[in-house]
Structure formats: structure tokens, C-alpha cells
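Since every read-out is calculated from the coordinates, none of them should be taken as a lab result. Values in this document were obtained by computation on a predicted structure and should not be read as measured data. All Cβ positions, even for glycine, are placed from backbone atoms using ideal geometry, and neighbour counts span all protein chains on display.
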Amino acid sequence: MAESGSAAGITGPVLLGVVPHQPAIVLRRAADLALSAGVELVCAYVDVASYPVPGDAAGAAQPIDPDGVDDDAGPIAEGIRSRIAAELGGLPLAWRFVTLAGQPARALAHHADAIDAAMIVVGTHEGRLGARLEELLASSVAVHLTHRQGRPVLVVPLSPAMLPHHDG
């Protein structure tokens, strides 16, 4: 593996925001960037059904609804981690998976600060015909990140041509 920070002046890890069923192209782009720079790839899943415990540097989280019966964060996170491990298997890349809590853009920005990430990588929304432009602009993690924190943000476009076809 190359010396840390040897390519393109990147010295900190690449932080990748991951979601369930995310097209592999987003992971591949982030992995390519981390590999070429000789830095670690940190893959972060944000559980929006929990919130961070204030003042806990270890990243402890509490469920928004502690009586909720749909505590799927553990299995969802493990499924994402397994998929990442399968995709990155065999690559000479240092990587790790973390689960964060809260609002995705805020959680990613906070974690980027905590690990001194060189940049944050996210994918766009899938280019489905039914997506409304105002929804895309109002809820886009990429838009929030680019306007509310100081690190570079790489947005991997997900054009309809790049996505697998699925019914429904």
C-alpha cells in the first residue's frame, strides 16, 4: 500500500456514506479514490431511527422510539457491512464500517470531523422518473453536506443507465 497521503495531497481517510441497496458503483468510486491515495476507507451507515447520545465520544445511540418493535438497524447494518466486505474482498485496501445515528448529513459531517476525513463520498438519489425535483433538493444528503460543512464532497451520480433494472 502507498504511503498515506502520497497521492493528490489526501492525508485523511475517505468517508463514504452507505445506504441499503446502494448501487456498487458508489462503493467502487470511493474505494478507487482511497486506494489511489493510499488512505483508509471508512464506510458509514446512518441509522435515522436513533439519535446520538449528547457528550458520548464513543458514538452511543438511543432509539427514537424505545418501545418500537421495528429495531432493524442491527440486521440492516450487518447486511451492508457484509456486502461491502464482498465487494472489497481481495483489494489491498484498509477499510472499516461504522454505524452512526441521527440525521444523515449531520452525522456524516460530525464523523468526518472526528476522524479528520479528507473528504466525504455519497451517491445521488436513484434517477427514478417519479422523483420530484423539490424532494431531491430538500432532502439530499449531498446538498446538505456541500452547504453546511467545510470538507470536499464527492457526489457519485446514479443515472438511470448505471442502475440495474428492477420491476416495481
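Please list, ordered by chain and number, the residues whose modelled amide H lies under 5 Å from the amide H of V98; skip anything fewer than 5 residues away on the same chain.
Answer set, sorted by chain and number: C43, A44, Y45.
Could you give the length gained by full extension between T124 and I76, i.e. 0.36 nm per residue of separation minus their alpha carbon distance, to one decimal place?
Answer, rounded to one decimal: 15.3 nm.
Using r as the Cβ-Cβ distance of L93 and A114, and R0 as 30 Å, what FRET efficiency do you calculate, to the nearest 0.05?
Calculated value: 0.90.
What distance in nm separates the simple spin-label points at V143 and T11, each placed 7 Å from Cα in the Cβ direction?
For V143 paired with T11, the spin-label model returns 3.4 nm.
At A85 and A24, where each label point lies 7 Å from the Cα along Cα→Cβ, what is the point-to-point distance in nanometres?
1.7 nm
Give the peptides 100-107, 23-30, 145-152 in descending order of average Cβ contacts within 10 Å, highest first.
Taking the mean over residues of other Cβ atoms within 10 Å, the ranking is 100-107, 23-30, 145-152.
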